[in-house]
Amino acid sequence: MMKFDVMTLFPAMVESVLSESIIGRAQSGGLIEVECHNIRDFSTDKHRKTDDTPYGGGVGMVMTCQPIYDCYKSISEKISPDKKARVIYMSPKGRIFSHDVARELAQYDNLIFLCGHYEGVDQRIIDEIVDEEISIGDYVVTGGEIPACIVIDAVSRLIDGVLACSECYEGESVASGILEYPQYTKPREFLGREVPEILLSGDHAKIDRWRLLEAVKITKERRPDMLLLHPEIEESLLPKKKRKERKNG
């Protein structure tokens with residue numbers, strides 16, 4: 001079972017998000033476990049303070065080392081030595097999160113997330129306990145809780161049994177290497193817009209080709225950079241003779 005430990009000042013933010021839908025059911029079914037740890041509970045300050053003013057001056061407050069370190073120790077002491085664990089600090093300075101990164105993280109038994117707030121955390125705690133900093137994009141949010149939820153959601157979907165089958169995520173946008181084709185359901189006509197006739201044909205080979213063509217078209221329009229990384233996808237649409245010529249040429 002995959003275990004996610006979240007060190008945070010606002011555990012309710014994480015719990016409320018991850019207790020719903022597929023991730024909530026995965027927890028109830030024993031496929032994953034998410035446990036939040038309130039950093040404030042580990043503060044030795046009489047007022048349970050977890051932040052202080054930065055050395056050198058500056059605006060805002062910085063989260064202090066002691067409560068975070070003691071919170072981390074209480075988590076790590078419960079992890080069996082044979083378990084593969086990784087500590088992640090959600091930070092705009094980190095590696096950009098992607099589906100490939102989610103695949104990497106899904107190989108661990110335990111992921112421990114540190115969620116910062118205010119102006120961040122004391123660098124010494126990052127140097128001491130953090131294995132990797134991860135960013136969900138080039139923008140800044142109020143804290144690490146929502147980014148941590150995004151990473152946990154994306155990783156959890158790759159755990160066996162969380163989704164009905166691997167096809168549920170392997171063919172999706174980004175996961176397949178390109179953006180996903182358009183999807184349709186009933187009714188056949190809505191506000192004068194018809195479902196493409198090919199999808200009603202019952203010819204699965206033609207439907208698969210149409211979906212790939214549409215996926216490539218959308219990717220060309222919106223994320224041409226993805227096709228540059230996966231030229232073989234577009235090439236697969238060429239006639240066999242043309243593909244052979246390219247390969248030999």
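The values are calculated or read from the model by the stated rules, or taken from the named source; none is laboratory data. Remember, it's a predicted structure, so these values are computed and weren't measured experimentally. Methodologically, a virtual Cβ is constructed for each residue, glycine included, from the backbone with ideal geometry; neighbour enumeration extends over all protein chains shown. Note: accessible area is taken over every heavy atom of the protein model, side chains too, but ligands, DNA and RNA are not part of it. Shrake-Rupley method; radii C 1.70, N 1.55, O 1.52, S 1.80 Å.
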* Structure fact -> Relative to the chain, whose Cα atoms define the longest principal axis, helix 65-76 and its Cα axis are tilted in degrees, nearest 10, by 60 degrees
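In the chain, carbon and sulfur make up what percent of the accessible area (probe 1.4 Å)? Working shown, then result.
Values: 7760 of 15150 Å².
Heavy-atom surface of the chain belonging to carbon and sulfur, 1.4 Å probe: 51 percent.
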* **Candidate aspartates and glutamates - alpha carbon under 16 Å from Lys3, same-chain residues fewer than 8 apart omitted** => Glu15, Glu33, Glu35, Glu77, Asp82, Glu104, Asp109, Asp153, Asp160
* Where in region 69-132 are there GluC sites (Glu not before Pro) that are in a DSSP coil and have at most 10 other Cβ atoms within 10 angstrom of their Cβ? -> Glu77
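Averaged per residue, what accessible area in Å² does the chain show with a 1.4 Å probe, protein chains only?
Details: 15150 Å² over 249 residues.
The answer is 61 Å² per residue.
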* Structure fact -> With the 8 Å Cα cutoff and a minimum separation of six or more residues, the chain has a relative contact order in percent of 18 percent
* Structure fact -> Which residues qualify? For Ser135, with a placed amide H closer than 5 Å and at least 5 residues away or on another chain, they are Ser91, Gly94, Arg95, Ile96, Phe97
* Asked: If exposed trypsin sites (Lys or Arg not before Pro) are those in a DSSP loop with at most 16 other Cβ within 10 Å, what is the longest stretch of the chain that has none?
  -> 85-187
* Does region 1-142 come out rounded, prolate or oblate, given a ≥ b ≥ c as the square roots of the eigenvalues of its C-alpha gyration tensor, rounded meaning a/c under 1.5 and, failing that, prolate meaning a/b above b/c? -> prolate
* Asked: Which of the peptides 159-165, 143-149 is most tightly packed, and how do the rest follow, going by the mean number of other Cβ atoms within 10 Å of each residue?
  -> 143-149, 159-165
* Nitroxide proxy distance, nm - points 7 Å out along Cα→Cβ at Glu189 and Glu132 -> 5.2 nm
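Can you tell me the relative contact order of region 66-121? Whole percent, Cα pairs under 8 Å, sequence separation 6 or more. It would help to have the intermediate numbers written out before the result.
On the way: 33 pairs, mean separation 24.4, N = 56.
Relative contact order for region 66-121 comes out at 44 percent.
Summarise the long-distance tail of P(r) for the chain by giving the % of C-alpha pairs beyond 33 Å. Can you show the working numbers first?
Details: 11385 of 30876 pairs.
Result: 37 percent of Cα pairs exceed 33 Å.
Would you mind finding the longest exposed-site-free stretch of the chain, with exposed chymotrypsin sites (Phe, Trp or Tyr not before Pro) meaning DSSP loop and at most 10 other Cβ atoms within 10 Å?
Numbers: sites that count: Tyr55, Tyr139.
The answer is 140-249.
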* Residue-by-residue Karplus 3J(HN,Hα) for region 28-33, coefficients 6.51, -1.76, 1.60, Hz, glycine and proline x -> 4, x, x, 7, 9, 9
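Which whole-number percentage describes the relative contact order of region 33-112, with Cα contacts under 8 Å and a sequence gap of 6 or more?
Details: 61 pairs, mean separation 18.9, N = 80.
Relative contact order, region 33-112: 24 percent.
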* Tilt of helix 145-156 relative to the longest C-alpha principal axis of the chain, in degrees (0 to 90, nearest 10)? -> 50 degrees
* Asked: Measuring from centroid to centroid over Cα atoms, what is the spacing of region 126-157 and region 1-64 in Å?
  -> 12 Å
* Enter the accessible area of Asp41 (Å², nearest 10), with the probe set to 1.4 Å and all protein chains included. => 100 Å²
* To do: Taking H placed 1.01 Å from N in the peptide plane, check which residues at least 5 places from Met2 or on another chain put their amide H under 5 Å from its amide H.
  => Glu33
